[in-house]
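Okay, structure first, notes after.
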Amino acid sequence: MSYDYTEIVPYLLHWYDRNARILAWRENPKPYYVWVSEIMLQQTRVEAVKGYFDRFITELPDIRALAEAEEEVLLKLWEGLGYYNRVRNMQKAARIVMEDYGGELPADYEALKKLPGIGSYTAGAIASIAYGIAEPSVDGNLLRVLKRIAASYDDITKEKVKKELEEDLRRIMPKDRPGDFNQSLMELGATVCIPNGKPLCEQCPVMHLCKAFKNGCEQELPVKPKKKERRIEERTVFVMKQGTVGKQEIALKKRPAKGLLSGLWELPNVDGYLTKDEVRSIFPKSEITRLPDGKHIFSHVEWRMRCYEVLLKELKEETVMKEEIHFFTKKEIEERISLPSAFDCCKKYL
Ligand code: SF4
């Protein structure tokens, strides 16, 4: 059911004017900066994004630079952020913007939404913050805050609920400060009406209007059905090295073009847990050392990894890896290869 949020607007803007954190993309809200920051913020907290943002903008200062960047450069800049398809989509969108819009993101909500990787949330953020267009920017963060204010038990994972909330906000958005209004809600969700745990209601500028606070149900909201349990995959990962100490090279292979970590470099690995004897049967002449186990959690899958260092003497003919692997020095990997954080457990043994 629709809820009238009109009354929260002045309180939120007043609070935002006094409490907004100073952030590079807020100080200079160029459309490109807002876009980059919002895509990064979809997966990481503000504090962590600052460093990534600065590095990205220094390396690729505008849409042309993003459109023309080599894939390895792009992926290296994204290393550690995960969800690499997001940056690949940004590049696809940048190329369209160069081709169709003369290198400037369109100042048009609907046109923004047609670009790869830009959904209603990001389109609303760019339109409102960079161009002053009164469009909402609703993500899980805003859904939490607003459903608490309304004490609504709607399931926030439903697209219909999000669409209704966008309509509710469209009706009340201040035409003179739409970007600040969206950002005040984002900021409130990030710093006061926080997820996982008790929100800081005593510091909240709309506490007196918040129905969840009044009813004491703020921690029950928002409602979202439990996610399906993650699938567990057991893998054996090899830190394969060749060459003498000081001149060693490490084996990497490319993942398939589709699916998890598509097209990225990885440490060679196989399904299941192999014992040391089984590893020795693959690399009979090599020196094999068991490394600490690792674990990495993706959204739907969890990898549990048994890791071995393999000092190669030669690669056995029939090993499937032989065809696919490439060797790099540690320096090359550090400087230009993006090795997904799934392999962090092995990085110190490279
Ligand atoms: Fe969130 Fe509490 Fe503020 Fe309500 S009063 S919006 S629950 S922080």
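The values are calculated or read from the model by the stated rules, or taken from the named source; none is laboratory data. Note that the structure is a prediction, hence the values are computed from the model and not measured. In this analysis, Cβ positions are derived from the backbone assuming ideal geometry, glycine residues included, and neighbour counts consider all displayed protein chains. Just so you know, the surface numbers come from the protein's heavy atoms only, side chains and all, with ligands and any DNA or RNA stripped out. Shrake-Rupley method; radii C 1.70, N 1.55, O 1.52, S 1.80 Å.
For Pro340, the requirement of being under 20 Å from Val73 (Cα atoms) and either touching a residue at least 24 places away in the same chain (Cβ under 8 Å) or of a type outside the set (Phe, Trp, Tyr) (or both) is met.
Within the range 279-302, the set of residues being under 12 Å from Phe238 (Cβ atoms) and either in a strand (DSSP E or B) or hydroxyl-bearing (Ser, Thr, Tyr) (or both) comprises Ser286, Ile288, Thr289, Arg290, Leu291.
Note on the range 71-138: enclosed helices (runs of 4 or more DSSP H) holding 1 or more residues that are out of contact with any Phe, Trp or Tyr (no Cβ under 6 Å at 6 or more places or on another chain) and touching a residue at least 60 places away in the same chain (Cβ under 8 Å) are 71-78, 84-101, 120-125. None of Glu159, Glu202, Glu164, Glu218 is buried (at least 19 other Cβ atoms within 10 Å of the Cβ) and either over 22 Å from Tyr33 (Cα atoms) or in contact (Cβ under 8 Å) with a residue 40 or more places away in the chain (or both) except Glu218. Glu187 meets each of the listed conditions (1) more than 13 Å from the ligand (Cβ to nearest atom); (2) acidic (Asp, Glu); (3) in contact with a helix residue (DSSP H, G or I) (Cβ under 7 Å, 6 or more places away or on another chain) apart from (1). Residues that are open to solvent by less than 80 Å² (accessible area, probe 1.4 Å), of a type outside the set (Ser, Thr, Tyr) and more than 22 Å from the chain's Cα centre (by Cα) do not occur anywhere in the range 254-266.
Collect the residues in the range 173-188 that are among the polar types (S, T, N, Q) and either open to solvent by 10 Å² or more (accessible area, probe 1.4 Å) or over 22 Å from Val46 (Cβ atoms) (or both), keeping them in residue-number order.
Across the range 173-188, the qualifying residue is only Gln183.
Which ones in the range 49-67 are farther than 25 Å from Leu260 by Cα and either charged (D, E, K, R) or open to solvent by less than 30 Å² (accessible area, probe 1.4 Å) (or both)? Answer for the range 49-67, where residues must be farther than 25 Å from Leu260 by Cα and either charged (D, E, K, R) or open to solvent by less than 30 Å² (accessible area, probe 1.4 Å) (or both): Lys50, Asp54, Arg55, Ile57, Glu59, Leu60, Asp62, Ile63, Arg64, Ala65.
As a summary of the residue check, Arg170 satisfies the conditions (1) within 14 Å of the ligand (Cβ to nearest atom); (2) under 17 Å from Tyr109 (Cβ atoms); (3) surrounded by fewer than 16 Cβ atoms within 10 Å (Cβ to Cβ) except for the one numbered (1).
Within the range 115-155, the set of residues being over 14 Å from Trp35 (Cβ atoms), surrounded by fewer than 17 Cβ atoms within 10 Å (Cβ to Cβ) and more than 16 Å from the ligand (Cβ to nearest atom) comprises Gly132, Asp155. Does Val223 qualify as being farther than 30 Å from Arg95 by Cβ, β-branched (Val, Ile, Thr) and either open to solvent by 60 Å² or more (accessible area, probe 1.4 Å) or touching a residue at least 24 places away in the same chain (Cβ under 8 Å) (or both)? The answer is yes for Val223. Taken over the range 149-160, the criterion of being out of contact with any Lys or Arg (no Cβ under 8 Å at 6 or more places or on another chain) and in a helix (DSSP H, G or I) is satisfied by Glu159, Lys160. In the range 38-48 there is at least one residue that is touching a Lys or Arg at 6+ places or on another chain (Cβ under 8 Å), open to solvent by 10 Å² or more (accessible area, probe 1.4 Å) and either at pLDDT 95 or above or outside any helix (DSSP H, G or I) (or both).
Residue-wise test of (1) more than 10 Å from the ligand (Cβ to nearest atom); (2) at pLDDT 95 or above.
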residue: Gln183; (1), (2): yes, yes
residue: Glu202; (1), (2): no, yes
residue: Pro205; (1), (2): no, yes
residue: Cys217; (1), (2): no, yes
residue: Pro225; (1), (2): yes, no
residue: Val237; (1), (2): yes, yes
residue: Val245; (1), (2): yes, no
residue: Gln248; (1), (2): yes, no
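Counting just the residues of the range 190-200 that are more than 10 Å from the ligand (Cβ to nearest atom) and more than 25 Å from Ser128 (Cβ to Cβ), which one comes out farthest from the chain's Cα centre (by Cα)? Restricting to residues being more than 10 Å from the ligand (Cβ to nearest atom) and more than 25 Å from Ser128 (Cβ to Cβ), the top hit is Gly197.
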